[in-house]
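In what follows, a single structure is set out as structure tokens and then discussed.
The values are calculated or read from the model by the stated rules, or taken from the named source; none is laboratory data. All of these numbers come straight from a predicted model, not from anything done at the bench. Because the Cβ atoms are built from the backbone with ideal geometry, glycine has one as well, and the counts that use them run over all protein chains shown. What goes into the accessible areas is simple: the full protein's heavy atoms, side chains included, and nothing from ligands, DNA or RNA. Shrake-Rupley method; radii C 1.70, N 1.55, O 1.52, S 1.80 Å.
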Amino acid sequence: MIPTNVRKALLGAMLGASLLSACATAPVTGRQQLMLVSESDVVRMGSLAYRQELSQSRLNSNPQQVAQVRRVGQRIAQVANRPDYQWEFNVIDEPQSINAFALPGGKVAVYSGLLNLGLSDDELAAVIGHEVGHAIAQHSRERVSQQVGFDLALSVLAGGRVSPQTAQLINTAFGIGVGLPFERRQESEADLIGLDLMARAGYDPRAALSFWQKMMQATRGAGRPPELLSSHPSDQRRIRTIQAEIPRFMPIYERAKRASR
Ligand SMILES: [Zn+2]
């Protein structure tokens, strides 16, 4: 989901970051994560990468779209449990990009190509929830940790003389070289956290289904799938999984809706 140039800036800037070893637990799924770099380093880099991406883009030209993204985004941010994040929501004017991203520290952008699909607030909450899910589950930090761990492992191996087979093995072990923004398990995790966030913010989790269906329709017949879908081998399977998970988030949604009346 994160555009390649932003990812490169993030990884490049991380090279000088301090090393540490710590464990984290992803929200909602409770998955244990090994972290080799500090969260503050990743947040700092996220904010640099965000500024860089915004400075190269045409921004916020459609007031209606900006208002929708900020209205929905702020509600999602309120339930994300990260008061330390400096949340920011912008629209990047790129009609050909059906995409969105959230960087560590709460820096969120939605491309106008995605908004031009004509999303309801509930549907927009599905995609912002998914992206914020990546951010609060610290998937970038995990990814960078894997890269750092990979470099460490390489240097430990016989004076840098690593056979291509060994290098390939390490690559596979760390999930590097797959060319994907996030791993598939991180994508599924972001889907779940997204459902939780949208429900607690009072958005109907069932809109996640119509959102992904709209995405599939919009990208059908296109030469290649947009980044938002690229890490999923089967969109149908993703939609089935989301469909199966929705019932457990409905009571949360009903409660949030009652509380807001
Ligand atoms: Zn994703």
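Assorted remarks:
- Test: residue in region 78-94 that is in contact with a Ser or Thr (Cβ under 7 Å, 6 or more places away or on another chain), aliphatic (A, V, I, L, M), over 20 Å from residue 187 (Cα atoms) and more than 16 Å from the ligand (Cβ to nearest atom): yes
- Condition check for residue 140 on (1) within 16 Å of the ligand (Cβ to nearest atom); (2) at pLDDT 95 or above; (3) among the polar types (S, T, N, Q): one failure, at (2).
- The sole residue among 45, 35 that is open to solvent by less than 60 Å² (accessible area, probe 1.4 Å), outside any loop (DSSP other than H, G, I, E, B) and closer than 19 Å to residue 186 by Cα is 35.
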